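Only one structure is covered here, and it is reproduced in the block below.
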Amino acid sequence: MFVKKIIIILFLLPSISYCFAQSKTSAEEKNYKTMEAMFKYFKNKKYDTTQRDFVFKNFVYFDNVLADTAKNRITGRIKFFDMIFPKIFRYADSVGIENLDLISTSFFKDHTSFYKHFDKDGELNEVRPFTLTFYDKRNPKKEPLGALLFEPKTHKLLAWSIINQGGYWYFLTFNLL
């Protein structure tokens, strides 16, 4: 009887550890829900400027930009946002929304070329707790498609582009433009 219990535990252990590895923190779950709601909202429609206020209210953190005192910088950043925001959906289009998933960036520790920027010595280490990484569910062992940065208090999307500037990696946020 004892041997049977040991065999059952050894059989279930990999499944249990896999579930723990994939579990999300409360913040990650909120970030995930933001993205899930955004993709549902845009499922059968394309972004246009009439949706901008709704997008800022519900999905994208743009408050730091709107608080800028220079109106010409705000206008320029809004134009840039309108130009690049639709590009976030190219990832969903490339693999199909049903194949796209988000998970803790730490889950990709084995992908050294991707994760090295998020590890303890990486440039993006400080923001790792506020990121989720998206990947093709059909190929979870393949290099992830990218990472998303979320604003910690509102759980809205803050950035989705990582820039390599002379070997230094950082998220491109709209207040940097």
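Working carefully through the options Lys45, Lys57, find the one that is open to solvent by 50 Å² or more (accessible area, probe 1.4 Å), within 26 Å of Asp136 (Cα to Cα) and either at pLDDT 90 or above or outside any helix (DSSP H, G or I) (or both). Can you show your working first?
Numbers: Lys57 fails: within 26 Å of Asp136 (Cα to Cα).
Every option except Lys45 fails the conditions.
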In the set Asn64, Asn99, Asn72, the lone residue that is surrounded by fewer than 16 Cβ atoms within 10 Å (Cβ to Cβ) and within 22 Å of Glu126 (Cβ to Cβ) is Asn64
Residues of region 141-162 being open to solvent by 50 Å² or more (accessible area, probe 1.4 Å) and free of Cβ contacts under 8 Å to residues at least 60 places away in the same chain, in sequence order, are Lys141, Lys142, Glu143, Leu145, Lys153, Ile162
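Tell me the residue from Ile103, Ile88 that is under 18 Å from Asn31 (Cα atoms) and modelled with pLDDT under 90, please.
Details: Ile103 fails: modelled with pLDDT under 90.
Going through Ile103, Ile88 in turn, just one is under 18 Å from Asn31 (Cα atoms) and modelled with pLDDT under 90: Ile88.
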With the first residue restricted to region 78-97 and required to be farther than 14 Å from Asp48 by Cβ, and the second required to be of a type in the set (Phe, Trp, Tyr) and open to solvent by less than 30 Å² (accessible area, probe 1.4 Å), Cβ contacts under 8 Å at 6 or more apart or on different chains are Phe80/Phe174; Ile88/Trp160; Tyr91/Phe134
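Take the residues in region 163-177 that are without any contact (Cβ under 8 Å) to a residue 24 or more places away in the chain and in a strand (DSSP E or B), then tell me which one is least open to solvent (accessible area, probe 1.4 Å). It would help to see each step written out before you state the result.
So the first thing to find is which residues in region 163-177 are without any contact (Cβ under 8 Å) to a residue 24 or more places away in the chain, and the list is 163-167, 172, 176.
Retained after the next criterion (residues that are in a strand (DSSP E or B)): 163-165.
Details: Ile163: 48, Asn164: 83, Gln165: 111 Å².
Within region 163-177, the match that is least open to solvent (accessible area, probe 1.4 Å) is Ile163.
The values are calculated or read from the model by the stated rules, or taken from the named source; none is laboratory data. Note that the coordinates shown come from a computational prediction; the quantities given were computed from them, not determined experimentally. Methodologically, a virtual Cβ is constructed for each residue, glycine included, from the backbone with ideal geometry; neighbour enumeration extends over all protein chains shown. SASA here: full protein model, heavy atoms, side chains in, ligands and nucleic acids out. Shrake-Rupley method; radii C 1.70, N 1.55, O 1.52, S 1.80 Å.
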